[in-house]
1. Looking at Val34, is it over 24 Å from the mean Cα position of the chain (by Cα) and of a type in the set (Val, Ile, Thr)?
2. Check Gln194 against each of (1) free of Cβ contacts under 8 Å to residues at least 60 places away in the same chain; (2) surrounded by 19 or more Cβ atoms within 10 Å (Cβ to Cβ) and name the one condition it does not meet.
3. If Pro348 meets every condition in (1) part of a loop (DSSP other than H, G, I, E, B); (2) within 16 Å of the ligand (Cβ to nearest atom); (3) not polar (S, T, N, Q) apart from one, which number is that one?
4. Going by the conditions given, is Arg112 assigned to a loop (DSSP other than H, G, I, E, B), away from the ligand (no atom under 16 Å from the Cβ) and surrounded by fewer than 19 Cβ atoms within 10 Å (Cβ to Cβ)?
5. Out of the residues in the range 14-29 that are within 11 Å of Ile82 (Cβ to Cβ) and in a loop (DSSP other than H, G, I, E, B), which is nearest to the ligand (Cβ to nearest atom)?
6. Looking at (1) surrounded by fewer than 15 Cβ atoms within 10 Å (Cβ to Cβ); (2) within 23 Å of Ser22 (Cβ to Cβ); (3) of a type outside the set (D, E, K, R), find the lone condition where Ala78 falls short.
7. Check whether at least one residue in the range 352-365 is within 19 Å of the chain's Cα centre (by Cα), at pLDDT below 95, hydrophobic (A, V, I, L, M, F, W, C) and not in a strand (DSSP E or B), and report yes or no.
8. On the given criteria, is Arg394 surrounded by fewer than 18 Cβ atoms within 10 Å (Cβ to Cβ) and either modelled with pLDDT of 95 or more or under 23 Å from Pro255 (Cα atoms) (or both)?
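The values are calculated or read from the model by the stated rules, or taken from the named source; none is laboratory data. Just so you know, these numbers come straight off a predicted model, no measurement behind them. Cβ: placed from backbone, ideal geometry, glycine included. Neighbour counts: every protein chain shown.
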Amino acid sequence: MVSLIGEICVVGLGYIGLPTASVLATHGYRVVGVDTDEAVLGSLETGKSHIAEPGLQTLVEAAVKSGNLQLSDRPQPAGAFIIAVPTPVRADRHADLSYVARAGRGIVPYLRPGNLVVLESTCPPGTTRDFLRPILEESGLRCGHDLYVAHCPERVLPGRILKEIVENNRIIGGIDPASAEKAKEIYESFVGGQIHLTDATTAELVKIVENTFRDINIAFANELTGICDQAGVDVWNVIWLANQHPRVNILQPGPGVGGHCLPVDPWFLIERFPETTRLIRAGREVNDSQPYRVFEMIRALTRGVPDPKVTILGITYKANVGDTRESPALRAIQLLQADGYTVGLHDPHATQFPLPLSPLEDALSASDCIVVLVDHAEFRKLDPERVGRLVRSRLLIDTRKALDVERWTRAGFTTKVLGSPLRDGAG
Ligand code: SAJ
């Protein structure tokens, strides 16, 4: 069902704004996509997506070609405005709402009575009501009277955005019930999942709670790596067996937690409720310290090797994405470099290059220790015999249980999987 709102202005054409604008444009809306980055607009105008995400290129092309997705460096009058801008965390661990403020002020001159404004960006509880609302009211219009205002947090998983944007259940929190109903008109035109209506602050909390739950669950798995190392057992096996219980579902350990969501959103709770967030803070600390654990593993395995060269496989924040934001791999690499290690880096997916990368063979050449930090599909296909001929020492650390360790030990690699006993290379 297409709502009576025919024109939608989407402010921010990043990981969420671009897919949202494109989906709306292919569902009968006339959409103006707004971004301040000229390079982004230039590439989109030719139908080229600046974001690597399965299926997005085809969708953007279709949206632009149909004429339903127009691009602009400033907002235009519309029936509804969707704000999808970043809400990073500042160095003092408080939310940086400057992008939300700028987006809000940017649409103020175009607001008309009866308009709807939806904030999709993840933000601390109270932001829509106490921060965005006063900005929008600079227009002279009153939220809840002449303006509908709602928070509809995005919930899509990078790597599966286009599937999840349509299939996931959505939460819509209105500044008043009429605002939630108004926003539902838009989302029900393309969302196949259920749409739950609530108030704006509840919706903000729900979103942060989801990511905080995941962060704490991963922290538990990461803490188990230390316990299992000391107990001399395999953490992956312990978790797998525990998960056979019908009410246990522990996530996977790894070199830490990255991306622009999980390492950020729990701070929005800690910032607002410092006295009642001990567990949440502890989870953050465990996950933030995981790159140090990896660094210590590398130091232990390469002890005695003169001037060791370490080869890092994978620098993105997780498997099969190009995004390196808040990647725990980068922290581990910094620790190695600060300690004087020569480091070769290879990543077949990274689209941002915070550090110089090498082709696979160069990165492996004369290496003393291979360290898998991301479980990209490509790494599973590596042939240990071939790799063995390129390296200087056959040492392997796998922080994601990405490789077939039996094969690598048979090929002579002494192997340490995170949270598992060391295996000596055969022969
Ligand atoms: N990770 C682990 N172990 C696991 C799962 C993940 O170490 O078992 C690590 C990943 O390697 C990565 C980090 O956690 O470094 C985050 O990855 P992710 O796949 O868990 O999540 P994101 O950040 O890509 O997307 C999350 C999702 N939130 C939830 O699943 C609750 C997504 O649905 C949200 O829309 C997104 O945050 C967001 O934008 O908030």
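1. Values: over 24 Å from the mean Cα position of the chain (by Cα): no; of a type in the set (Val, Ile, Thr): yes.
For Val34, the condition - over 24 Å from the mean Cα position of the chain (by Cα) and of a type in the set (Val, Ile, Thr) - is not met.
2. In the conditions (1) free of Cβ contacts under 8 Å to residues at least 60 places away in the same chain; (2) surrounded by 19 or more Cβ atoms within 10 Å (Cβ to Cβ), Gln194 misses (2) alone.
3. Of the numbered conditions (1) part of a loop (DSSP other than H, G, I, E, B); (2) within 16 Å of the ligand (Cβ to nearest atom); (3) not polar (S, T, N, Q), the odd one out for Pro348 is (2).
4. For Arg112, the condition - assigned to a loop (DSSP other than H, G, I, E, B), away from the ligand (no atom under 16 Å from the Cβ) and surrounded by fewer than 19 Cβ atoms within 10 Å (Cβ to Cβ) - is met.
5. Here the answer is Ile16.
6. If we test Ala78 against (1) surrounded by fewer than 15 Cβ atoms within 10 Å (Cβ to Cβ); (2) within 23 Å of Ser22 (Cβ to Cβ); (3) of a type outside the set (D, E, K, R), just (1) comes out false.
7. yes
8. no
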